[in-house]
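Novice: Structure provided below as structure tokens; questions to follow.
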Amino acid sequence: MAEKEEARTDVAGIQANLPKKLILENFKSGQESKRDRQSPVAPEKSSKLLSGLLAMNVVFLGAAFILSAIFNQASVPGTHVLILLMVLSALDMGWMMFHQSAAHSVPHQDLHAGAIWLRGAVLLFGICSVVLDVFKTGYFFQYSNGGGTVKAVYSIVEAIFISAQTYLLWFHSKDCFHTRRNITRCGLMLTIATDLVLWMNAVTDDSIHVELEVEEQTAHNGNSTRLSDYINITAYSCQSELCTIFRKCVVIMYPFNIEYCLISSTMLYIMWTNIGRTIDHHITHASYKFRGFGLVLGPLLGLVVIIIGLCIFILYQIEISTDPSQPKPFVQFYVFHIILLSVMSLCSLAGTAIHKLGERHVDTKENPTRSLDVVLLQVAALGPLCISYFSIVAIVSTHLRQPVDILNLTYSMLIIIEHILQNLFIIEGLHRQHVAEELCLRSGEMSEKDLTTDPQQEALPLEVGNDVHEPTAAATLNTITDGQDEPSNANGVINCSSELDLRTSQLSLQTNSKFNWKRKLLKEISMFMIMSNLILWIIPAFGAHPQFENGLEKRFYGFSVWFAILNLGLPLGVFYRMHAAGNLLEIHLTA
């Protein structure tokens, strides 16, 4: 104790003898270094706030134009909306051309972003959207008035914008940009806002088209609405066979354009979150291949559901177009959906139980793609849930109920149950540790800390099949080359990759009886759920909307209120099915 007191006295004496100027300089330098360490935080937050405000204002402006063109076309013609969209598309394409010059200098890539199924969906829907614009251009060029010319030019501009955006998403969706951050954030947010305005315009145009056709077919609809004054592509009368073909093709291709806008917005948002993100160099990443060998029950039942669903959809469309007042098409529609939703609810419950009973660890590492998937699932489910609750209240409050109304009540209740259970199943599956990482952790050569950050571009790919995991030699050499600066981390990865092929077979034999049946059942369930969600996407996306034709909710709430509810809920429900199918595919691959 005496020695410590003497040491403290000596230090105090030395500090007392130091010049005050030197102490002040050291204090100031310490404060400056502290500010230097904290200085990047404020500009990053300001940049994100600025880009977010830009997107919000553009979306609100576009929504105001679209609603004004619908409800007061005399003051705001529909061509003004198209001119605004052309200006936004031109700005976005200018930013894409400017940004392409810096796209080659990307230091990091997030391999969780830009999954192959997501990029494939963007490519497919982008091609269909371009084909839609070709049909619209041919359709509108047959009219010599100013409105037709503006719409034809808009279709050409939209096709160019979609092509440029699809190229950006296919080749650069994984990039973590570190240069021109402010311009990149604002450019991405402006493109997201443009996609959302395009989505609102397409949804409104398509929904009004459906409603106008229903009003023409339904004789008992006595409610008048100003929406009938809105002129969309169906307002023109065709005088040639080619014009009629163009118009029918436009109506058929609309759902693909709607889905393209939403999927592109989600991928652009992931790119926005990855700006300035740093990813570890020495981390393995599992690259999974789709293999359906050994699966029988799930694909077989899913194929049966798709065939029956297509037959029900065709019969419904034919019978509704012939006589919308007959109850037979509604009975077929509701019975099919009640049975399918019941089976899907049971499958979701079983899949959630497997996740809970399994020994796969919960994945808590940072993953912006997964976080966005969870948010989109919950937000998109609000549309069908809103429609279902409004339908339940209308049916229960109506005293004179028919058998079709009872089926509608049951259908609405099952929609709520199925969405809740499916969301639980998908969210649990997305937050489970992947099998390849589990086997690597069980091999004892890699700690869980080494798997807590995202992989970089030269990460080790693992092919995951039926209990077989084989690392490639080229990937191992890349990992060795990249890991020369940090031998401790690299040795862990190399040891895991070198011995994984020797120890995986032993681990698979040890865990085969304990885990194999769970993984197989999970794959069967996810495959059936994927195919079921696809048929539930096809039916409403291509025009089967009993909520429009049955008339009960329309009479209960009034035309304007019910139209607004469906105009918001149905597009979200269509997007939910496609997004759920993509997430279920990821669960199937990583189970």
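The values are calculated or read from the model by the stated rules, or taken from the named source; none is laboratory data. All values derive from a computational prediction rather than experimental measurement. With ideal geometry, Cβ positions are generated from the backbone for all residues, glycine too; neighbour counts draw on all protein chains shown. Keep in mind that these areas ignore ligands, DNA and RNA; they rest on the heavy atoms of the full protein, side chains included. Shrake-Rupley method; radii C 1.70, N 1.55, O 1.52, S 1.80 Å.
Per-residue answers, yes or no, for (1) at pLDDT below 60; (2) surrounded by fewer than 20 Cβ atoms within 10 Å (Cβ to Cβ); (3) not polar (S, T, N, Q):
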position: P384; (1), (2), (3): no, no, yes
position: V393; (1), (2), (3): no, yes, yes
position: V396; (1), (2), (3): no, yes, yes
position: I417; (1), (2), (3): no, yes, yes
position: Q422; (1), (2), (3): no, no, no
position: E448; (1), (2), (3): yes, yes, yes
position: Q457; (1), (2), (3): yes, yes, no
position: D467; (1), (2), (3): yes, yes, yes
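Novice: Working only within region 535-545, note down all residues that are assigned to a helix (DSSP H, G or I) and either among the hydroxyl-bearing types (S, T, Y) or crowded, with 19+ Cβ neighbours inside 10 Å (or both).
Specialist: I535, L536, W537, I539, P540, A541, listed by residue number.
Novice: Could you tell me which numbered condition Y254 fails, if it satisfies all but one of (1) at pLDDT 85 or above; (2) surrounded by 20 or more Cβ atoms within 10 Å (Cβ to Cβ)?
Specialist: (1)
Novice: Would you be able to tell me the number of residues in region 306-338 that are within 21 Å of T410 (Cβ to Cβ) and outside any helix (DSSP H, G or I)?
Specialist: Within region 306-338, residues that are within 21 Å of T410 (Cβ to Cβ) and outside any helix (DSSP H, G or I) number 2.
Novice: Here is a follow-up. Tell me the residue from V379, V375, V396 that is under 23 Å from Q547 (Cα atoms), assigned to a helix (DSSP H, G or I) and within 21 Å of the chain's Cα centre (by Cα), please.
Specialist: Just a single option satisfies the conditions, and that option is V379.
Novice: Could you please let me know if T369 is over 20 Å from the mean Cα position of the chain (by Cα), surrounded by 15 or more Cβ atoms within 10 Å (Cβ to Cβ) and in contact (Cβ under 8 Å) with a residue 12 or more places away in the chain?
Specialist: no
Novice: Given the conditions (1) over 22 Å from the mean Cα position of the chain (by Cα); (2) within 23 Å of S526 (Cα to Cα); (3) open to solvent by less than 20 Å² (accessible area, probe 1.4 Å), and given that Y334 satisfies all but one, which numbered condition is not satisfied?
Specialist: Of (1) over 22 Å from the mean Cα position of the chain (by Cα); (2) within 23 Å of S526 (Cα to Cα); (3) open to solvent by less than 20 Å² (accessible area, probe 1.4 Å), only one is false for Y334: (2).
Novice: Among the numbered conditions (1) open to solvent by 60 Å² or more (accessible area, probe 1.4 Å); (2) farther than 18 Å from I530 by Cα, tell me where L349 comes up short.
Specialist: Against the list (1) open to solvent by 60 Å² or more (accessible area, probe 1.4 Å); (2) farther than 18 Å from I530 by Cα, L349 comes up short only on (2).
Novice: Go through region 312-343 residue by residue and tally those that are at pLDDT 95 or above and over 21 Å from P384 (Cβ atoms).
Specialist: Adding up the residues that qualify gives 0.
Novice: With respect to T284, determine if the residue is exposed (fewer than 14 other Cβ atoms within 10 Å of the Cβ), under 27 Å from L111 (Cα atoms) and modelled with pLDDT under 90.
Specialist: Judged against the criteria, T284 is not a match.
Novice: Sticking with this structure for a sec: Would you check if there is a residue in region 133-146 being open to solvent by 30 Å² or more (accessible area, probe 1.4 Å) and of a type in the set (S, T, Y)?
Specialist: yes
Novice: Report every pair of residues separated by at least 6 positions or lying on different chains whose Cβ atoms are under 7 Å apart, first residue within region 373-393 and closer than 16 Å to I427 by Cβ, second among the aromatic types (F, W, Y).
Specialist: From region 373-393, the pairs are A380/F575; A380/Y576; A381/Y576.
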